[in-house]
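Take a look at the structure set out below.
The values are calculated or read from the model by the stated rules, or taken from the named source; none is laboratory data. Computed from a prediction, not measured in an experiment: that's the story for all the values here. In this analysis, Cβ positions are derived from the backbone assuming ideal geometry, glycine residues included, and neighbour counts consider all displayed protein chains. Keep in mind that these areas ignore ligands, DNA and RNA; they rest on the heavy atoms of the full protein, side chains included. Shrake-Rupley method; radii C 1.70, N 1.55, O 1.52, S 1.80 Å.
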Amino acid sequence: MAKTKVNLQTLSKMKREGIPVSWITAYDLPFASAAENAGIDMILVGDSGGMVQLGYKTTNPVTMDEMIVLSSSARRGAPNTFLIGDMPQGSYEISKEKAVENALRFIKESGCDAVKCEGGRRIIDKVKAMVDAGVLVFGHLGLTPQSTSSFGGYNVQGKTLKSFESTVEDALALQEAGVMAILLEAMPTAPAGQIAKLLDIPIYGIGAGSEVDGQLIIMHDLMGFYQSFRPWFAKCYIPEIIGEFHKHITSISDIRQYGRENRKDGLFAIAEIAIAKYIEEVKNNTFPGTQYSYPIKDMQLEELTKSKYWK
Ligand code: KIV
């Protein structure tokens, strides 16, 4: 029986019941397919694909046409998983019309279920226009790689009162505009957790600690495939699952026949086991833990607790 996709209602219910959502990026058929087989809740075709898959130095050069190729391939690999297309830089900032047109390309040409775009109040008219056009939109706040230069580089966000309150105000504006959920990137556990508590919609995190409503990980970090850079909060799962793969493979008597019949004898099986381990750790709250979360100094935390938004 085909797996049932998450939707607005199930994601809200998971937030209410404290069931963490497992989310991973994928940019092609094999990895999207491994993620679906492993039982992932959602897949993001991130513009990070421009770096990890296409080899650009940043996400900025990625085009809409490239994102359509990547997301169409991921869709074919994971037909039964909620798929989110990441709107690349330049595809939504220019005008409401352009934002709606490009968001609809993700839905119509790639079969995505939703789109994600970076920013809060500064793009709120575009977000509203996409929502009004019937598109499911995810927000993305905290560290937003498309505009890293305006933040002074890849820095952790939400540590100062100003940065925390500005993120809360962006998040409230996005909620009001009708986004389905918000992703927080690179933020210590406590401020990210406060935002998750404050908002009614689900708040997910990548490098935002364990007090949010679910986790996102970059596929190539989980697999140890991206050689240029590994964020502090990313966990490579391969070292700890290789024993499990060995046990699986040595229990098979006729490996050639087994491989021909079900193809669970190579990298695909390793990927599926590694993603399943990630899902297990998200669901039982062992990932990210403190090891893969950003710390915050007592002094900085004390300042944040004075905010009008601190519950
Ligand atoms: O492109 C992407 O994968 C993303 C994550 C870094 C959050 O937007």
Quiz item: Among the residues of the range 3-60, which ones are assigned to a helix (DSSP H, G or I), open to solvent by less than 10 Å² (accessible area, probe 1.4 Å) and within 11 Å of the ligand (Cβ to nearest atom)?
Solution: 49, 50
Quiz item: Across the range 83-111, what is the total count of residues that are away from the ligand (no atom under 16 Å from the Cβ) and polar (S, T, N, Q)?
Solution: 1
Self-check item: Residue under evaluation residue 134, criteria (1) under 18 Å from residue 82 (Cα atoms); (2) in contact (Cβ under 8 Å) with a residue 40 or more places away in the chain, criterion not met
Solution: (2)
Self-check item: Answer residue from the range 79-97, given it is among the aliphatic types (A, V, I, L, M) and crowded, with 24+ Cβ neighbours inside 10 Å and is nearest to the chain's Cα centre (by Cα) among those
Solution: 84
Quiz item: So which residues in the range 116-128 are surrounded by fewer than 21 Cβ atoms within 10 Å (Cβ to Cβ), away from the ligand (no atom under 15 Å from the Cβ) and either touching a residue at least 24 places away in the same chain (Cβ under 8 Å) or of a type in the set (A, V, I, L, M) (or both)?
Solution: 121, 124, 125, 128
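Matching residues to (1) in contact with a strand residue (DSSP E or B) (Cβ under 7 Å, 6 or more places away or on another chain); (2) free of Cβ contacts under 8 Å to residues at least 60 places away in the same chain; (3) among the acidic types (Asp, Glu):
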{"site": "206", "(1), (2), (3)": "yes, yes, no"}
{"site": "219", "(1), (2), (3)": "yes, no, no"}
{"site": "245", "(1), (2), (3)": "no, yes, no"}
{"site": "257", "(1), (2), (3)": "no, yes, no"}
{"site": "268", "(1), (2), (3)": "no, no, no"}
{"site": "278", "(1), (2), (3)": "yes, no, no"}
{"site": "286", "(1), (2), (3)": "no, yes, no"}
{"site": "294", "(1), (2), (3)": "no, no, no"}
{"site": "306", "(1), (2), (3)": "no, no, no"}
Quiz item: Is it the case that residue 104 is open to solvent by 30 Å² or more (accessible area, probe 1.4 Å) and part of a loop (DSSP other than H, G, I, E, B)?
Solution: no
Quiz prompt | Residue that is in contact with a Pro (Cβ under 8 Å, 6 or more places away or on another chain), acidic (Asp, Glu) and not in a loop (DSSP other than H, G, I, E, B), where the choices are 66, 97 | solution = 66
Self-check item: Those residues of the range 167-188 which are open to solvent by 20 Å² or more (accessible area, probe 1.4 Å) and at positive phi, in sequence order
Solution: 178
Quiz prompt | Scan of the range 142-166 for residues that are part of a helix (DSSP H, G or I), open to solvent by 10 Å² or more (accessible area, probe 1.4 Å) and either modelled with pLDDT of 95 or more or more than 26 Å from residue 62 (Cα to Cα) (or both), ordered by number | solution = 161, 162, 163, 165, 166
Practice problem: Would you confirm whether any residue within the range 230-252 is closer than 18 Å to residue 19 by Cβ and open to solvent by 40 Å² or more (accessible area, probe 1.4 Å)? | Solution: no
Self-check item: Failed item, numbered, when residue 269 is tested on (1) of a type in the set (Gly, Ala, Ser); (2) farther than 30 Å from residue 118 by Cα; (3) touching a Pro at 6+ places or on another chain (Cβ under 7 Å)
Solution: (3)
Quiz prompt | Residues being open to solvent by less than 10 Å² (accessible area, probe 1.4 Å) and touching a Lys or Arg at 6+ places or on another chain (Cβ under 6 Å) - total across the range 189-220 | solution = 1
Quiz item: Can you pull out the residues in the range 172-195 that are under 16 Å from residue 139 (Cα atoms), away from the ligand (no atom under 16 Å from the Cβ) and out of contact with any Gly (no Cβ under 7 Å at 6 or more places or on another chain)?
Solution: 172, 175, 176, 177, 178
